[in-house]
Amino acid sequence: MVIIHSGLVLTRTCSSRLQPPYLVLRRRFSGGATACSVSLNGKRNSEKEKVIVISGPTGAGKSRLALELAKCLNGEIISADSVQVPMSHFHLLLVYKGLDVGSAKPSATDRKEVPHHLIDILHPSRDYSVGQFFEDGRQATKDILSRGRVPIVTGGTGLYLRWFIYGKPDVPKPSPEIVSEVYDMLIDFQNEYNWDGAVEFVVNAGDQKASSLPRNDWYRLRRSLEILKSTGSPPSSFPVPYDSFRENLNSHDANNDFDENSSSADISVQKIETDLDYDFLCFFLSSPRVDLYRSIDFRCEDMLSGANGVLTEARWLLDLGLLPNTSSATRAIGYRQAMEYLSKCRRQGGVSSPGEFYWFLNKFQQASRNFAKRQMTWFRCEPMYHWLNASRPLDTILEFIYDAYEKEGETLVVPDSLRMNKDLRNSREANALKGYRPRNRHFVGREDCSSVLEWISSEGCKSEVSCVEGTTT
């Protein structure tokens, strides 16, 4: 019997085969296969400590895979799971206290079975940056390795994972005096919701690229001005380690066989060497796009069903005094749409029509599918990742990754039976996507959303702020 769970296929044999490492039966794959390398010189670097990275689009089942893998390998999980706002800007959501449903946060049972890191560490009013994740993630990695356990970094936040693997720019940390000075320079703009004026101010100060920042991303705007005040140069003047890696990769591609959108990227990456801090084993888990999109649509519905869902958490954010699209948490997919919808309902005296609810649900689902599409586009350009098909049995995928971790100094081979095609051009799947239409499972007719509309009328406009990190009821 086969069970579908978050994009992964689990078979009834999983429980008997997913034993501790010394009991795992190794399966050697035969037949057609494509050679890939975990490191960049064609072979695994056995001298460096190993770190597993599991990424994939939202709803693909990467959290479930990471959890079961941690049980097999005596591992601990570092969360880099995400939601997204504008295309070039990513935000972690699991770091925030009180935001459980929209972030698909691991359950208390899962967190008791396997230690998780970087979850519930911040209040939703605070921003979280890629630089902070690099420091927190690398420190968690060192701590896990010092205990003799295996770090498993999992999530879909491409920029955060890129910095985690390749390193961060060497930008001087601003002094407390400069931080305070920059805060005073921008606080009036922020209090007046004058984003355009603030951007113009920073552009005139010397950062022309400030105009391309996502709207209302006050954290990055302040950070830009802090760097300008500290160094006299904009953030773009500091080289990013990943860019140097890409230049090195391209310079070694003498035969022009490197294509960001094809499997040849996995082979070309073997041609060069790079000085990474760890021996990274990077996997990208995905499933056929139509199935993935359908799973995402159902997942969005599930987040709105029941007594406690995204709308309840959105109410809590509004009651904290936060506005949609003004911080990392409130820009997140799901929370932004729910806060905007609930704010509209409040302006209407707690009244909403079925049409307004379905418009909100459609926007939520569409934004989530678009995010998954952008995730896949991002990771197609990441040559370190080996794409695995989430529609294959979970125990088969686990066994493959376990074997890859155990091998020393060998080239990693991903069999065709597990390999996920990352190129949609001229494929049957691309044609199927053109005709994709959402098809809800719970919310179909006008009467199906009646309980949600009743909640909005009776509870949605009430202020019930829980006591979280200094907030009061």
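Of all residues in the range 315-334, those satisfying the criterion of being touching a helix residue (DSSP H, G or I) at 6+ places or on another chain (Cβ under 9 Å), outside any loop (DSSP other than H, G, I, E, B) and touching a residue at least 40 places away in the same chain (Cβ under 8 Å) are R315, L317. Over 16 Å from I77 (Cβ atoms), in contact with a strand residue (DSSP E or B) (Cβ under 6 Å, 6 or more places away or on another chain) and of a type in the set (A, V, I, L, M, F, W, C): does that describe L159? Answer is yes for this residue. The numbered conditions (1) open to solvent by 30 Å² or more (accessible area, probe 1.4 Å); (2) without any contact (Cβ under 8 Å) to a residue 60 or more places away in the chain are all true for Y341 except (1).
Residue selection: G167 satisfies the criterion of being touching a residue at least 60 places away in the same chain (Cβ under 8 Å) and small (G, A, S).
Residue-level check: of (1) open to solvent by 50 Å² or more (accessible area, probe 1.4 Å); (2) modelled with pLDDT of 90 or more; (3) farther than 30 Å from K363 by Cα; (4) among the hydrophobic types (A, V, I, L, M, F, W, C), C467 misses just (2).
For the condition surrounded by 21 or more Cβ atoms within 10 Å (Cβ to Cβ), under 18 Å from F284 (Cβ atoms) and in contact (Cβ under 8 Å) with a residue 40 or more places away in the chain, F357 does not qualify.
Step by step: first the residues of the range 360-385, then only those that are among the aliphatic types (A, V, I, L, M) and touching a residue at least 60 places away in the same chain (Cβ under 8 Å), then the one that is nearest to R441 (Cα to Cα). Which residue is that?
L361
Kindly indicate whether V153 is out of contact with any strand residue (DSSP E or B) (no Cβ under 9 Å at 6 or more places or on another chain) and open to solvent by less than 10 Å² (accessible area, probe 1.4 Å). Against the criterion (out of contact with any strand residue (DSSP E or B) (no Cβ under 9 Å at 6 or more places or on another chain) and open to solvent by less than 10 Å² (accessible area, probe 1.4 Å)), V153 does not qualify. Here E181 fulfils each of the conditions (1) buried (at least 16 other Cβ atoms within 10 Å of the Cβ); (2) touching a Lys or Arg at 6+ places or on another chain (Cβ under 7 Å) apart from (1). When the range 397-435 is limited to residues that are more than 24 Å from the chain's Cα centre (by Cα) and among the hydroxyl-bearing types (S, T, Y), the one that is least open to solvent (accessible area, probe 1.4 Å) turns out to be S427. Each residue in the range 381-412 was checked for being modelled with pLDDT under 90, under 19 Å from T154 (Cβ atoms) and not acidic (D, E), and 2 pass. Scanning the range 324-338 for residues that are open to solvent by less than 10 Å² (accessible area, probe 1.4 Å) and of a type outside the set (S, T, Y) yields a count of 5.
Within the range 96-108, can one find any residue that is open to solvent by 50 Å² or more (accessible area, probe 1.4 Å), at pLDDT below 90 and either among the hydrophobic types (A, V, I, L, M, F, W, C) or not in a loop (DSSP other than H, G, I, E, B) (or both)? Looking through the range 96-108, at least one residue is open to solvent by 50 Å² or more (accessible area, probe 1.4 Å), at pLDDT below 90 and either among the hydrophobic types (A, V, I, L, M, F, W, C) or not in a loop (DSSP other than H, G, I, E, B) (or both). In the set (1) open to solvent by 20 Å² or more (accessible area, probe 1.4 Å); (2) over 17 Å from G56 (Cβ atoms); (3) modelled with pLDDT of 85 or more, the condition left unmet by D275 is number (3).
The values are calculated or read from the model by the stated rules, or taken from the named source; none is laboratory data. Just so we're clear, the structure is a prediction, and the values are computed from it rather than from any experiment. Heads up, the Cβs are rebuilt from the backbone with ideal geometry, glycines too, and the neighbour counts pull from every protein chain shown. Ligands, DNA and RNA are excluded from the accessible area calculation, which covers all protein heavy atoms including side chains. Shrake-Rupley method; radii C 1.70, N 1.55, O 1.52, S 1.80 Å.
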